[in-house]
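In what follows, a structure is listed as structure tokens, so that the remarks can point back to it.
None of the figures in this text is laboratory data; all of them are computed from the coordinates on show. Worth saying up front: this structure is predicted, and the values here are computed from it rather than measured. Glycine also receives a Cβ, built like all others from the backbone with ideal geometry; neighbour counts cover every protein chain displayed.
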Amino acid sequence: MKRAFIYAAAIVVAVSIAAVFWVLRGLSDFDLSEHTQREITFAVDDAVLSGTLIMPKDIIAPPIAIIVHGDGAQDRFSNGGGLPLISTLTDAGIGVFSWDKAGVGTSTGNWLNQTMDDRADEALAALQAVSRLDGIEGNRVGFLGFSQAGWVLPRVANRIVPSFTVIVGGAVSWRDQGTYFNRIELTSQGVPADMIEQRLADRMRDNDIVFGVSADPSSSPEMEAERFGFVAGAYWEDSTQSIPNMNGPVLAIWGEDDLNVDTRNDSEIFREQLMPLSDIRQVVLVHNATHGLLRADLFNYQLPSQWPWYLQYIFLGMGQKAFAEHSLDQITDWILTVTEN
């Protein structure tokens, strides 16, 4: 009995040690200390926005990816969740600039008061702030945006010729994206298919009135007034008119298992409107990948807040390996290719 207890204890200790080493290995992907970091501020209207420029070690004038966040009150590193992506880019020799959204972290203003036009102005101001720094080659600075950036970056690429534009999990129509999100949500709740379609039709009719016609916050008391105003300002967003006129290299990439955006429909729209496709204009679907290109077999939830507690530790332990196989390589390789001098 005593010997069995010793064996069991030894196994527990061994497993615990292995788990600690596994997590520590993953944590290295959250550490940017070996790269040069520089605080950058820039002004847009009445807001002063603060961010960090991370430059890969021992590389002169690398390409720079300016991060454009998706929805929500995100700081420059997305509460730490964006660090494995940033470390992947810097490890590949690509610099990164990311800032706290307005009213988040050390940035002033309020992101909920912004329209997609405002966000495009902000992205352009970030590009100008980075491009004028010493040691930066302006013709190697581009954008890497997520989700809501699908309405921001096509606008930007209509106004200038970026060195590159990468859109991850971008939606085309706000209205349609909301319907798709709700359909997935209702399906996961076990609602019968015929009832789902009726509920979606009713909700779209109501939303068209609440957000698109009356825009009266009192008609949607469950939503905070500032959030209501943000949604009302974006409700009719549709990038169909902007995509065909995007300048410069474009990579539009989605996870095949995206629960937030209808990847098959939206990728087909991008595919048709970016024609002719080429090495520098690509539309890509990634197998076993989520809205943010994480591994769908582990992390496929509509919102990070829905993750079970233990997934946080798994994410920490996996670091860069939490992303779908080759998904980040496709992005880094493409950026390096289109920015070759």
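Worth pointing out:
- Filter pass, Ala296 being among the small types (Gly, Ala, Ser), farther than 26 Å from Arg119 by Cα and within 15 Å of the chain's Cα centre (by Cα): no
- Among residues of the stretch 269-306 being among the hydroxyl-bearing types (Ser, Thr, Tyr) and outside any loop (DSSP other than H, G, I, E, B), the one that is surrounded by the most Cβ atoms within 10 Å (Cβ to Cβ) is Ser278.
- Residues located in the stretch 77-93, provided they are in a loop (DSSP other than H, G, I, E, B) and within 12 Å of the chain's Cα centre (by Cα): Phe77, Gly81, Gly82
- Residue ID - farthest from the chain's Cα centre (by Cα), chosen from residues in the stretch 167-181 that are among the polar types (S, T, N, Q) and outside any strand (DSSP E or B): Thr179
- Residue within the stretch 314-335 that is in a loop (DSSP other than H, G, I, E, B), among the aliphatic types (A, V, I, L, M) and more than 19 Å from Gln177 (Cβ to Cβ) present: yes
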